[in-house]
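Participant: Below is one structure. I have some questions about it.
Here, each number is a calculation from the coordinates, and none is a lab measurement. Just so it is clear, the structure is predicted and the values come from calculations on it, not from any experiment. Neighbour counts are summed over all protein chains in view; Cβ atoms, including those assigned to glycine, are modelled from backbone coordinates with ideal geometry.
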Amino acid sequence: MTLYGVGLGPGEADLVTVRGKRVLEEADVVYSPGRLSRTVALEHVPEERIGDLDFPMTKDEEKLRSAWKEAAAEIAPNARDGDVAFVTLGDPNVYSTFGHLRRTIDAFHPDVDLEIVPGVSAVTAFATALDVEIEAGAGLSLREAANGHSPTGPDRMILFKVTDAPATHEGLVEAGYEVTYGRRLFMEQGETLVTDDPAEIDERDYYTLAYAEREDLEIEQATAAFQTDADDADGTSSGGKSNGSEPVADGGEPSGTRRTSEDRGSSGSDRSAGLERAEGCEHGDCGGHDHE
Ligand SMILES: C[S@@+](CC[C@H](N)C(=O)[O-])C[C@H]1O[C@@H](n2cnc3c(N)ncnc32)[C@H](O)[C@@H]1O
């Protein structure tokens, strides 16, 4: 039988894939490493089939190794006798605790069959939530920015684990980046927030990422020529368009596809209106070490 690593998506129960839901419904036991993943799993699985694993909040590698050995020893016999699942938020192969479990199972229980069901990762969900388009031909790098770090270099980056947004922001702006932050995106628990202002999210919340783009980045897409603007809509434009319903012809002067950080910020506040207030970091998930 099989141990399934199931990606739950960013945190809304209906963003679990159809395959992931089927595996959860059929598994004998569904193990969750944290409170948030447990909450999402509970939307698909009755509580009596949830198996909780105990992980210490520590960065001590020896303690972590022994916790993973214990977890694997608990899971392996059940995965030999039946089907079990281990859930993680997002995708099990992206910055996830599932890697620890897989390595431990491979090392100590190599006869256990293992299968992974990918999930909607924050790596892709951020683009919709922050209204960012990663165009054909563009590069995108993944970095971590915990404890106020400001990694730089690539034209575009997603920064995970942004725990001190004001400090991270300072370094990024100094290095010539425009930055948008996303907190608890597509998540049922807590308040979803999208903002360009690090002061709005100065309170630590582990489920915070950032998208950083070089401010001098030139983006030229063929379809940028279709861009409309307010002047065009009322027919006052002297550009290449006679009214709002017609595209700017080639050779017109479209303003480009890139939205300013102001644009992105305002759409963010609209999105967050009406969502529930955050519960802060009461879940152990956003403490010193996370297990999602
Ligand atoms: C340990 S990584 C897990 C990534 C996850 N496996 C995935 O594929 O999305 C946790 C980091 O991902 C980011 N993250 C994950 N889910 C998020 C969400 N719903 N909203 C904002 N950031 C999220 C945060 O930066 C957080 O610190």
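Participant: Can you find, within the range 39-52, the residue that is nearest to Glu25 (Cα to Cα) among those that are touching a strand residue (DSSP E or B) at 6+ places or on another chain (Cβ under 6 Å) and touching a residue at least 24 places away in the same chain (Cβ under 8 Å)? Walk me through how you get there before you give the answer.
Facilitator: Step one: filter the range 39-52 for residues touching a strand residue (DSSP E or B) at 6+ places or on another chain (Cβ under 6 Å), giving 41, 45, 49-51.
Add one more test, that the residue is touching a residue at least 24 places away in the same chain (Cβ under 8 Å), and what stays is 41, 51.
Values: Ala41: 10, Gly51: 14 Å.
This residue is Ala41.
Participant: Let me ask something else about it. Among the residues of the range 122-163, count how many are of a type in the set (Phe, Trp, Tyr) and within 30 Å of Ala222 (Cβ to Cβ).
Facilitator: Summing the residues that are of a type in the set (Phe, Trp, Tyr) and within 30 Å of Ala222 (Cβ to Cβ) in the range 122-163 gives 1.
Participant: For residues in the range 106-135 being part of a helix (DSSP H, G or I) and near the ligand (Cβ under 9 Å from one of its atoms), which is surrounded by the most Cβ atoms within 10 Å (Cβ to Cβ)? So that I can check it myself, show each step before the final result.
Facilitator: As a first pass, look at the range 106-135 and keep what is part of a helix (DSSP H, G or I): 106-108, 122-129.
Okay, now just the ones that are also near the ligand (Cβ under 9 Å from one of its atoms), so 122-126, 129.
Values: Ala122: 26, Val123: 16, Thr124: 15, Ala125: 22, Phe126: 22, Ala129: 24.
Per the criteria, the residue is Ala122.
Participant: Can I ask one more? Have a look at Arg156, Arg183 and point out the one that is in contact with a helix residue (DSSP H, G or I) (Cβ under 7 Å, 6 or more places away or on another chain) and not hydrophobic (A, V, I, L, M, F, W, C).
Facilitator: Values: Arg156 fails: in contact with a helix residue (DSSP H, G or I) (Cβ under 7 Å, 6 or more places away or on another chain).
Only one candidate passes the filter, namely Arg183.
Participant: Can you work out which of the residues in the range 93-105 that are buried (at least 19 other Cβ atoms within 10 Å of the Cβ), assigned to a loop (DSSP other than H, G, I, E, B) and of a type in the set (S, T, N, Q) is nearest to the ligand (Cβ to nearest atom)?
Facilitator: Ser96
Participant: If you don't mind, there's one more thing I want to ask. Can you name the residue in the range 21-38 that is of a type outside the set (D, E, K, R) and more than 13 Å from the ligand (Cβ to nearest atom) and is also nearest to Asn78 (Cα to Cα) among such residues? Please lay out each step first, then the result.
Facilitator: Taking the range 21-38 as the starting set, the residues that turn out to be of a type outside the set (D, E, K, R) are 23-24, 27, 29-34, 36-37.
Checking the rest, the ones that are also more than 13 Å from the ligand (Cβ to nearest atom) come to 23-24, 27, 29-32.
Working: Val23: 15, Leu24: 15, Ala27: 10, Val29: 8, Val30: 11, Tyr31: 11, Ser32: 15 Å.
Per the stated criteria, the residue is Val29.
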